[in-house]
1. If we keep just the residues of region 152-161 that are within 16 Å of the ligand (Cβ to nearest atom) and not in a strand (DSSP E or B), which is farthest from TRP59 (Cα to Cα)?
2. Return the pairs, sorted by first residue and then second, in which the second residue is within 8 Å of the ligand (Cβ to nearest atom), the first residue lies in region 122-136 and is polar (S, T, N, Q), the beta carbons are less than 6 Å apart, and the residues are 6+ apart or on different chains.
3. What about GLY318, is it in contact (Cβ under 8 Å) with a residue 60 or more places away in the chain and more than 24 Å from PRO365 (Cα to Cα)?
4. Could you go through region 137-150 and let me know if any residue there is under 30 Å from GLU267 (Cα atoms), within 16 Å of the ligand (Cβ to nearest atom) and at pLDDT below 95.
5. Going through region 113-125 one residue at a time, which ones are within 15 Å of the ligand (Cβ to nearest atom) and closer than 25 Å to GLY265 by Cβ?
6. Within the set of pairs 6 or more residues apart or between chains, which connect a residue that is outside any strand (DSSP E or B) inside region 162-178 to a residue that is of a type in the set (Phe, Trp, Tyr) and away from the ligand (no atom under 16 Å from the Cβ) with Cβ atoms less than 7 Å apart?
7. Going through region 296-347 one residue at a time, which ones are touching a Leu at 6+ places or on another chain (Cβ under 9 Å) and in a loop (DSSP other than H, G, I, E, B)?
Amino acid sequence: MTTGRSRCVALFVLVAVAAQAASAVVSDGLLPNGDFEQGPDESQMKDTRVMSPNAIPQWEISGFVEYIGSGHTQDDMILPVPEGARAVRLGNDATIRQELCVIRQAYYSITFTAARSCAQAEALNVSVTPDFGVLPIQTVYTSSGWDSYSWAFKAKHSTVWLSIHNPGHEENPACGPLVDFIAIKALHPPHHVQAGNMLRNGDFEEGPHIFPDVPWGVLVPPMSEDLYSPLPGWMVLSDTKVVKYVDAAHHAVPRGARAVELVAGMECALVQEARTVPGRAYRLSFSVGDGANGCEGTLGVDVYAGQTRATASYESRGTGGHRRVELDFEAAEGLTRVVFHSSNYHMKPDGTLCGPVVDDVSLVPVHRHAARRLRM
Ligand SMILES: *[C@@H]1O[C@H](CO)[C@@H](O)[C@H](O)[C@H]1NC(C)=O
């Protein structure tokens, strides 16, 4: 461990010696000034632009960063900053960063809320060295224009810098995403599969922070296969689309507190691989339903277990409910890929994307004669 590098490390050492790290290490929830309610002094601003690197308490900025209050207007457009809230806008090549005390080798997820302010394809590069993720934010999944995004990392050190950077280069330097409400949550990835399920985190109970007062869930963006997932056990495969992580406080979920809504049609797949024995019979079962968010119609989920494919449909009135689906298959390989995607695109009455909710995915071996009996 590097010594004396920061207040953070020193504190951590002290507290770790006392075998009680909790007070020094960042705790789950909003980061210090993660909602930007504390802003710069007038003297450190030029109009809305923040002029000094340390002007925003707890944060360090570089590049064209603006500090925006609610109802701020620009080019006759009212920026969609929620009532009473304050946010930062990251212009071309702008970065905000905060130093965090974390537990080395532990996994964390970051949740933040962002809105695009111009029409361009916008993206944000979220990083904790050496990990980074370039999160596409051009598709809007809410009617307010604000979406919450998640990203995960594994801490390589006990002090890390979390950075959010706008890699864009637009002609209008003020064009860039608004960012607000940045939170962290320690992840406890189920390394070992639990008894009775060959899949990890099949009930989706482990996942990124969901803000109690934010009703629209958290988007889990696509990640390359070698990166950490904010939904432990699961990968999200897509070019630019996402799945939505929803909670029982704001949505109907089949069981427990959390589930996944497949909001991006066929363009995004939720994937997990399990070790299987070629030739052996298995049963994949899961719940499919609707989130009680007005997503009406025949919601279909295309599911793959290796080379076996099925479509499960659910008649939704948009008011919540689910059914259980089972798929029996024989493994062809030593590794079986379980894949879910929505069979179609669906929209809520407000015009935003929605889809089937998936929960409680389980994979178990079945006895051959049992499987045979089912087939009769
Ligand atoms: C994202 O940020 C990290 C950390 O600053 C950097 O190493 C990486 O090259 C960036 N990636 C892109 C695509 O901008």
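The values are calculated or read from the model by the stated rules, or taken from the named source; none is laboratory data. The model shown is predicted, which means the values in this text are computed figures rather than measured ones. With ideal geometry, Cβ positions are generated from the backbone for all residues, glycine too; neighbour counts draw on all protein chains shown.
1. Only one residue tops the list, namely LYS156.
2. Every condition considered, the pairs that remain are ASN125/PHE132; ASN125/VAL134; ASN125/HIS165; ASN125/PRO167; SER127/SER163.
3. Working: in contact (Cβ under 8 Å) with a residue 60 or more places away in the chain: no; more than 24 Å from PRO365 (Cα to Cα): yes.
Taking the combined requirement at face value, the residue does not satisfy it.
4. Of the residues in region 137-150, the ones under 30 Å from GLU267 (Cα atoms) are 137-150.
Remaining after also requiring within 16 Å of the ligand (Cβ to nearest atom): 137-138, 149.
Narrowing further to those that are at pLDDT below 95: 137-138.
Within region 137-150, one or more residues are under 30 Å from GLU267 (Cα atoms), within 16 Å of the ligand (Cβ to nearest atom) and at pLDDT below 95.
5. If we filter region 113-125 for residues that are within 15 Å of the ligand (Cβ to nearest atom), which is where we start, we get 121-125.
Once the filter is applied, which keeps residues that are within 15 Å of the ligand (Cβ to nearest atom) and closer than 25 Å to GLY265 by Cβ, region 113-125 yields ALA121, GLU122, ALA123, LEU124.
6. PRO173/PHE64
7. Of everything in region 296-347, those that are touching a Leu at 6+ places or on another chain (Cβ under 9 Å) and in a loop (DSSP other than H, G, I, E, B) turn out to be GLY306, SER343, ASN344, TYR345.
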